[in-house]
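Shown next, in structure tokens, is the structure this report addresses.
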Amino acid sequence: MSSVSRARQARAEPRRVVLPLVNGERMSQADFHRRYLTRPDREKWELIGGVVYMASPLGQPHGYYHPELTGPLWLYKNATPGVELLDNVTTILGEESEAQPDLELRILPAYGGQSRDTEDNYVGGAPELVAEIAHSTRALALGAKRDDYRDAGVLEYLVVCIEERQLHWFDFRTGQPLRPTRQGVYRSRAFPGLWIDGPALLARDSKRLMEVVQRGLASPEHARFVKRLQAAWRKRSPR
């Protein structure tokens, strides 16, 4: 085909118009993802239960608490081979869900994890633990997002509500919230040895947070979990 013919064909073919995202609009994950990739600004948009949500601008309160929660999760990841910590990564949960959690802790597929890596370097499926820092988004975090994460198969969901100074930790397998010890320490069931001091997190007491997570890492349950992950890896690794 000559260059003139190609030019005529290009003019004759209708241009495909991709509609913009609209807050509150309903759509599928495939349509949402296609539209999102065309946005020049790449602002944070999420599809929760088939509904489009545009994230609010992040203020200082979110910036204060995000690293405080990241610290214990990073230490846990660093001491637990086969566990990965991700920050604001697109996570495709299903046909009507594409979230971007503040933090997620997951078991890698090679170690028996339930999520996978997509060809486009996103997370496919539900990570074992999702965490959100909620300031102006408390209703969304404890409502539609909680239901979406639960229905997708997330095992545990941690929400730090800044304004109310509350920590909510849901165990979706039992349908009941995790309860802290008398000292205020929460102990994950999905990630044995992950201990987080709730009052210290809300008070941004980094020293206390680190002390408690180190005690959890030294616990027998964490040692057993590491062995279980290693056994799962050996079972899947080629010989």
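The values are calculated or read from the model by the stated rules, or taken from the named source; none is laboratory data. Just so you know, these numbers come straight off a predicted model, no measurement behind them. Don't worry about glycine lacking a Cβ; one is built from the backbone with ideal geometry, like all the others, and counts go over all protein chains shown.
Some notes on this structure:
- Filtering Val52, Val89 for residues that are in a loop (DSSP other than H, G, I, E, B), in contact (Cβ under 8 Å) with a residue 12 or more places away in the chain and either buried (at least 20 other Cβ atoms within 10 Å of the Cβ) or not hydroxyl-bearing (Ser, Thr, Tyr) (or both) leaves a single hit, Val89.
- Region 123-150, residues that are touching a residue at least 60 places away in the same chain (Cβ under 8 Å) and either charged (D, E, K, R) or touching a strand residue (DSSP E or B) at 6+ places or on another chain (Cβ under 7 Å) (or both): Glu128, Leu129, Ala131, Ile133, Leu140, Ala144, Lys145, Asp147, Asp148
- The residue list Thr70, Thr80 contains one member that is over 14 Å from Val154 (Cα atoms), β-branched (Val, Ile, Thr) and either assigned to a helix (DSSP H, G or I) or not assigned by TED's automatic domain parsing to the domain that holds Val160 (or both), which is Thr70.
- The listed residues are Arg42, Arg34, and the only one of them that is part of a loop (DSSP other than H, G, I, E, B) and either modelled with pLDDT of 85 or more or in contact with a helix residue (DSSP H, G or I) (Cβ under 9 Å, 6 or more places away or on another chain) (or both) turns out to be Arg42.
- Tabulated pairs, region 179-205, first within 21 Å of Glu84 (Cβ to Cβ) and part of a loop (DSSP other than H, G, I, E, B), second of a type in the set (Ser, Thr, Tyr) and at pLDDT 95 or above, C-beta under 6 angstrom, 6+ apart or interchain: Gly193/Ser219; Leu194/Tyr76; Leu194/Ser188
- Any hit, region 154-163, residues being part of a loop (DSSP other than H, G, I, E, B), modelled with pLDDT of 95 or more and more than 14 Å from Leu129 (Cα to Cα): no
- When residues of region 46-83 are limited to those that are among the hydroxyl-bearing types (Ser, Thr, Tyr) and closer than 30 Å to Ala30 by Cβ, the one modelled with the highest pLDDT: Tyr53
- Whichever residue in region 92-121 is out of contact with any strand residue (DSSP E or B) (no Cβ under 6 Å at 6 or more places or on another chain) and in a loop (DSSP other than H, G, I, E, B) and, among such residues, is surrounded by the most Cβ atoms within 10 Å (Cβ to Cβ): Glu96
- Just one of the listed residues (Glu156, Glu163, Glu104) is under 19 Å from His66 (Cα atoms), more than 17 Å from the chain's Cα centre (by Cα) and assigned by TED's automatic domain parsing to the domain that holds Phe225, namely Glu163.
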